[in-house]
Amino acid sequence: MTCHDLESIALALVADGKGILAADETIPTLTKRFESLGIASTEQSRRTYRQMLFTSPGAAEFISGAIMYDETIRQKSSNGTSLAETLKAQDMLPGIKVDTGANPLAGAPGETITEGLDGLRDRLKSYYGMGARFAKWRAVIHVTDTLPTSGCVTANAQALARYAALAQEQEFVPIVEPEVLMDGAHTIARCEEVTGIVLHAVFDALFEQGVALEGMLLKPNMVIAGKGCDRQASAEDVATSTLRCLRRHVPAAVPGIVFLSGGQNPRLATTHLNAINRLPGAKPWKISFSYGRALQDPALEAWHGQDENLAAGREALYRRARCNGAASVGRYTEEMELASTSADEPPHRRDWSDD
Ligand code: 13P
């Protein structure tokens, strides 16, 4: 595979009006989300939930691919085909989370290093055989008045770059995700400062490791005030600060930027994406979404672990995907949210059924 082939996959993932569904929560994380709604977390309930997300009729118009977790890519849907095949049948590309999680960074209280490089080449080979064509690795950066340390930023940037180089060697498009967390009381200005430092370090490391920028996607946080900050910025300020930071630090050769939602509520995540895409001026990359919670939360709530709600869960995912697809080209409107399902019947709605 050439860099050109990887670039074609990267461009397909950010095709006009499309973004990515992140459905790669680890078992403990998904269990926590299930338990908050009183849903039992079993291998079977997790499979049912992921299959519901992957079979929302019409969602592929707005979702180009889905990121899976190791358990999911090995699971079979109720008709006996693998969940990776289920995605392909819906015209969505299978992706896979390949880091093994963030662990405490030695000598750096309050900071983490994302691990998973050992054995990664072999794991990539095996995921390729299961149908995955793009990968994800998430680095986590905590913000306080004194954090992050440069040691934490450098170590995580190095790991992201080594992962990305290995992924490209094994014919995967790497999604490079350095997440500056929203946890804390920091201002939007502090988030912009830290995000800039982190992106600078990440692209320096990617250059050092010879990663082809044309064959990757960046998955950053938006520039946003910490959850505990009294002064929450307007959507316009989030958009302006985010785009300014990205223009300063992300090379034009990168085909796409797909944001994480990071704990923003679903509508706000859509509003922010739309505001960024509506800003005038140079945007050399596609700007779209790779949301987890902001796409899934309404679907999880609607399903609530009950088979009789599978159709409602699929519909809820479709609705968020449609709003975010519009936001990825700056065409999201309040009316799209307010429109009731009956007044706003999507073309595939007749196919929403329980399995
Ligand atoms: P959220 O959109 O819920 O932040 O998840 C995105 C993701 O993939 C985190 O790694």
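The values are calculated or read from the model by the stated rules, or taken from the named source; none is laboratory data. Only a predicted model underlies this, so the values are computations on that prediction, with no experimental measurement involved. Note: ideal-geometry Cβ built from the backbone for every residue, glycine included; neighbour counts use all protein chains shown. The accessibility values were calculated without ligands, DNA or RNA, using every heavy atom of the protein model including side chains. Shrake-Rupley method; radii C 1.70, N 1.55, O 1.52, S 1.80 Å.
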Whichever residue in the range 222-249 is open to solvent by less than 10 Å² (accessible area, probe 1.4 Å) and assigned to a loop (DSSP other than H, G, I, E, B) and, among such residues, is nearest to residue 322 (Cα to Cα): 222
Filter the range 16-32 for residues that are open to solvent by 10 Å² or more (accessible area, probe 1.4 Å), outside any helix (DSSP H, G or I) and over 16 Å from residue 98 (Cβ atoms) and give the result. 16, 17, 18
Report, by residue number, each residue of the range 304-315 that is of a type outside the set (S, T, N, Q) and either part of a strand (DSSP E or B) or open to solvent by 40 Å² or more (accessible area, probe 1.4 Å) (or both). 304, 307, 308, 312
Count of residues meeting criterion [buried (at least 24 other Cβ atoms within 10 Å of the Cβ) and polar (S, T, N, Q)] in the range 56-89: 3
Against the conditions (1) part of a helix (DSSP H, G or I); (2) within 15 Å of the ligand (Cβ to nearest atom); (3) free of Cβ contacts under 8 Å to residues at least 60 places away in the same chain, where does residue 86 fall short? Just the number, please. (2)
Just wondering, is there one or more residues in the range 287-303 that are assigned to a helix (DSSP H, G or I), aromatic (Phe, Trp, Tyr) and more than 16 Å from the ligand (Cβ to nearest atom)? yes
Residue by residue through the range 316-336, note down the ones that are in a loop (DSSP other than H, G, I, E, B) and surrounded by 24 or more Cβ atoms within 10 Å (Cβ to Cβ). 328
Can you tell me which residue within the range 254-286, out of those that are assigned to a loop (DSSP other than H, G, I, E, B), over 27 Å from residue 183 (Cβ atoms) and open to solvent by 40 Å² or more (accessible area, probe 1.4 Å), is nearest to the ligand (Cβ to nearest atom)? 283
Among residues of the range 158-186, those that are of a type in the set (A, V, I, L, M) and under 18 Å from residue 223 (Cβ atoms), counted: 5
Would you pick out the residues in the range 206-221 that are part of a helix (DSSP H, G or I) and open to solvent by 10 Å² or more (accessible area, probe 1.4 Å)? 207, 208, 213, 214
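Quick test for you: out of 33, 47, pick the one residue that is at pLDDT 95 or above, of a type outside the set (Val, Ile, Thr) and more than 16 Å from the ligand (Cβ to nearest atom).
That would be 47, the only listed residue that is at pLDDT 95 or above, of a type outside the set (Val, Ile, Thr) and more than 16 Å from the ligand (Cβ to nearest atom).
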Which residue, of 261, 241, 234, is of a type in the set (Ser, Thr, Tyr) and touching a strand residue (DSSP E or B) at 6+ places or on another chain (Cβ under 6 Å)? 261
Only residues that are closer than 20 Å to residue 310 by Cα and within 16 Å of the ligand (Cβ to nearest atom): list them for the range 63-83, please. 63, 66, 68, 72
Being touching a residue at least 60 places away in the same chain (Cβ under 8 Å) and away from the ligand (no atom under 16 Å from the Cβ) is the filter here, so list the residues in the range 90-124 that pass it. none
Which pairs turn up if I take residues in the range 282-306 that are charged (D, E, K, R) and look for partners that are within 14 Å of the ligand (Cβ to nearest atom) and in a helix (DSSP H, G or I) with beta carbon separation below 6 Å, at least 6 apart in sequence or on another chain? 297/266
